[in-house]
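See structure below.
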Amino acid sequence: MLDVQRLNPWHERVLGNLKFQQLVRERSGFAWTLSAVMLLVYCGFILLVAFAKNTMATRIGTGVTSVGIVIGLAVIVTAFLLTGLYVARANTQFDKLTEGLKRDFDEGSNR
Amino acid sequence: MRSPRLATASIITVLSANLALAAGPDLGQVDRQATNYIAIAMFLTFVAGTLVITYRAARASKSAADFYAAGGGITGLQNGLAIAGDYMSAASFLGISALVYTSGFDGLIYSIGFLVGWPLVLFLIAERLRNLGKFTFADVASFRLDQTQVRILSATGTLVVVAFYLIAQMVGAGKLIQLLFGLPYLYAIIIVGGLMIVYVAFGGMKATTWVQIIKACLLLGGATFMALMVLAAFRFSPEALFARAVELHPREQALMAPGAMVADPISAISLGLALMFGTAGLPHILMRFFTVSDAKAARKSVFYATGFIAYFYILTFIIGFGAITFLMPDASFFTPGPDGVVNRLTGMIGGTNMAAIHLANAVGGSYFLGFISAVAFATILAVVAGLTLSGASAVSHDLYASVIARGRVSETREVNISKISAVVIGVVAIALGYTFENQNVAFMVGLAFAIAASCNFPVLAMSILWRGTTTRGAVVGGFLGLVSAVTMVVLSKAVWVDTFHNATAIFPYDNPALFSMPIAFIGIWLVSRSDTSTRARAETAAFEAQYIRSETGIGATGAHIH
């Protein structure tokens, strides 16, 4: 409780603001989820390479291209798509929330 | 899944095969080639162009914000290109295409490791960094903590990372230029060191950014042309390209499957962690986020950078396979061994790292060969300029202005200190490059990433994300991460056996990140928790102000465009 008592009123108003809470909750949830997806995809790929060599070496159809090559390229494309997904939502939805907050709080800020 | 005993046995048996690759693409020993005048002429054109840019940047740069952050006026797309230019090194272009040439699929594993850190930089770091900082990542780490102690730690982390990265780049540059241009090693590193001093000391971040943007465009353009020429020869069917490569390559169908590279999962995961989180702790990369106007542009930068880097790695994969199909049937690219037999994997003229360069000749003739050689040189310059600027900023902005002068310093004086530091760093880099000419430096890039992941990243992430972080915790934890990472690398095979010639390595894995990162994070957490000082309470209380600014950008240092 000591910390809360030390807050100045401006900080308290921002922290208690519903828009601020919504912004932080949604963005953190989204960012941590995407981070977890990226980590799982990458670690999964490394484990497949280490422990499922035969699966990775399997040819697709009658060609020489292996499952591993397709999975590897898919990991590269996934990394890019995840950044696109985050930016698409952050630069529209999250930024709109942030703009609203700034209008409410930027003036008279006494940080 | 195998039993632990089996897994351990396989770790031991394959460790030796694994080590050479895991430390980083290495240019190794090279033979000096005949002087290549076309390449030199193209390179001089590049240098002349960048010097004009540097001159104009120097005239336009007046304030500290101009020098450190290009006035904050770089757009998201420009910054994305510059980040890609800062990150795609000559070693990754030549080394990864050579790795694909010799082992096929394994080259892909390497590329993926270098790519997957970028999404994490975006999700967790980029916009908060932009909202909280001004010129260096230490601005952010010391936002609510003790300026003196945290800046000393961050500047140390920065300078150590820059030093190892720079040695690897300088030695690589000297060897590469020897190979491509036929210039002596010492001349090569003096040219590289001299030019990077000029770019940074005169043009600051503006010149550095444009050198990186131009280099990124040239490298992506050149690599795209090569990949298109390769694919065109197979009517744009990757399957036909792979089929021909399998037909020609000594490894045959095994080319398409995992080889020796990830035979030891612990080393692989440890290297993966170092690459992933090291990217989010590289000082010269983090510094780039202060060159854009706001969080929106910072996000776009990473999105574009990830796209360019991903595209580049796909190109190097095609180029590696192109090198197999174009070079292997043609004996003129190889020198026969003593027994008169041509080894298609190791007998390439100039070494296997020349695969992409020979392919340039095969698909585009001698002018394109000259162009690609000049691009490789330009690539080195862009990377070392970014490193030098970040080292110089750590000295002037963190150590001098905040620690020594305690904030009582004029902008002009601070920028002058930075310029002097850039000159000193350049001279030291030349001296180190010369000293390390015949040393094994391949482990140094891996070490730089491991230190960035075990010192810079934990301190930055914990100070931004965890309210409870205190100065004492950050300093002790960050220092433990730094020391443990360096110690484990010294005790690993790359240094303990290869450099100090001991019989066996004391630390059994190639990369320390899997162990040194938890040491740093647990250190920060434990020491912060046990810190009951008055200062610690004030620092925890100051988290709210930092939190509001990091999440919303309210109060953030705005764009500095005049």
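Taking other C-beta atoms within 10 Å as the exposure proxy, B:67, B:202 rank B:202, B:67 from fewest upward.
Counting only C-alpha contacts under 8 Å and six or more residues apart, can you give the relative contact order of segment B:330-421 as a whole percent?
Numbers: 53 pairs, mean separation 14.4, N = 92.
Relative contact order, segment B:330-421: 16 percent.
Extent of segment A:23-101 along its three principal axes (Cα atoms, max minus min coordinate, largest first): 57, 23, 12 Å.
Give me the net charge of residue B:531's neighbourhood, meaning all other residues with Cβ under 11 Å from the Cβ of residue B:531; Lys, Arg count +1, Asp, Glu -1. Intermediate values should be presented prior to the final figure.
On the way: positive: B:472, B:529, B:535, B:537; negative: B:539.
Taking every other residue near residue B:531 into account, the sum is +3.
Contact order, relative form, for chain B: 29 percent (alpha carbon pairs under 8 Å, 6 or more residues apart, mean separation divided by residue count). A dipole drawn for the protein assembly as shown from +1 and -1 charges on Cβ atoms has a positive end, and of B:362, B:327, B:453 the residue lying farthest that way is B:453.
Whole-Hz Karplus values for segment B:49-65 come out as x, 5, 6, 4, 4, 4, 4, 5, 5, 5, 5, 8, 7, 10, 8, 5, 5 Hz, taken residue by residue from phi with 6.51 cos²θ - 1.76 cosθ + 1.60 and θ = phi - 60°; glycine and proline positions read x. Extending 7 Å from the Cα toward the beta-carbon at both residue B:56 and residue B:349 defines two label points whose distance is 4.0 nm. Approximating the spin labels as points 7 Å out from Cα along Cα→Cβ, the residue A:102-to-residue B:235 distance works out to 5.5 nm. Summary value for segment A:1-97: 29 percent relative contact order, contacts being C-alpha pairs under 8 angstrom separated by 6+ residues. The Cα center of segment B:75-91 and the Cα center of segment B:370-389 differ in position by 12 Å.
Using 28 Å as the Cα-Cα cut-off, could you pick out the over-long pairs in A:96/B:62; A:102/B:206; B:215/B:296; A:102/B:419; B:62/B:175; B:62/B:296?
A:96/B:62; A:102/B:206; A:102/B:419; B:62/B:175
Peptide A:43-49 has a mean shielding of 6, counted as Cβ atoms of other protein chains within 10 Å of each residue's Cβ. In whole angstrom, note down how far apart the Cα centers of segment B:295-341 and segment B:42-70 are. Using only Cα atoms to place each centre, the spacing works out to 30 Å. Sorting B:108, B:176 from the fewest to the most surrounding beta carbons within 10 angstrom yields B:176, B:108. Using Cβ point charges alone (K and R +1, D and E -1), the dipole size of segment A:23-101 about the Cα centre works out to roughly 200 debye. Stretching the chain fully between residue A:25 and residue A:39 yields a gain of 2.9 nm (0.36 nm per residue, less the alpha carbon separation). Considering only trypsin sites (Lys or Arg not before Pro) in DSSP loops that have at most 11 other Cβ atoms within 10 Å, the longest stretch of chain B without any of them is B:3-234.
Which trypsin sites (Lys or Arg not before Pro) in segment A:1-108 sit in a loop by DSSP (not H, G, I, E or B) and have at most 15 other Cβ atoms within 10 Å of their own Cβ?
Values: sites: A:6, A:13, A:19, A:25, A:27, A:53, A:59, A:89, A:96, A:102, A:103; in loops: none.
Sites meeting the loop and neighbour criteria: none at all.
Between residue B:467 and residue A:17, the C-beta separation translates, for a Förster distance of 25 Å, into a calculated FRET efficiency of about 0.85.
When only alpha carbons are used to place a centre, segment B:264-294 and segment B:173-248 end up 22 Å from one another. Each Lys or Arg adds one and each Asp or Glu subtracts one; over the other residues with Cβ under 15 Å from the Cβ of residue B:237, this totals 0. Per residue, the convex hull around the alpha carbon atoms of the protein assembly as shown comes to 160 Å³.
Inside 10 Å of the C-beta atoms of B:307-320, what's the mean count of C-beta atoms belonging to other chains?
Details: counts 5, 1, 3, 9, 2, 0, 3, 4, 0, 0, 4, 0, 0, 0.
Neighbouring Cβ atoms belonging to other protein chains average 2 per residue here.
Computed over chain B, the range of Cα coordinates on each principal axis works out to 76, 62, 43 Å, biggest value leading. Among the chymotrypsin sites (Phe, Trp or Tyr not before Pro) found in segment B:434-515, those both in a DSSP coil and sparsely packed, with 13 or fewer other Cβ atoms within 10 Å of their Cβ, are B:500. The dipole here belongs to chain B: it is taken about the Cα centre, uses +1 on the Cβ of Lys and Arg and -1 on the Cβ of Asp and Glu, and is about 1320 debye. In chain B, helical runs assigned H by DSSP with n ≥ 4 each contribute -39500 (n - 2.57); averaged across all residues and rounded to the nearest 500, the mean residue ellipticity at 222 nm is -23000 deg cm²/dmol.
Read-outs throughout are calculated quantities, based only on the coordinates presented, and are distinct from any laboratory measurement. Being a predicted model, the structure only gives us computed values, none of them experimental. Every residue, glycine as well, gets a Cβ built from its backbone with ideal geometry; the counts of neighbours run over all protein chains shown.
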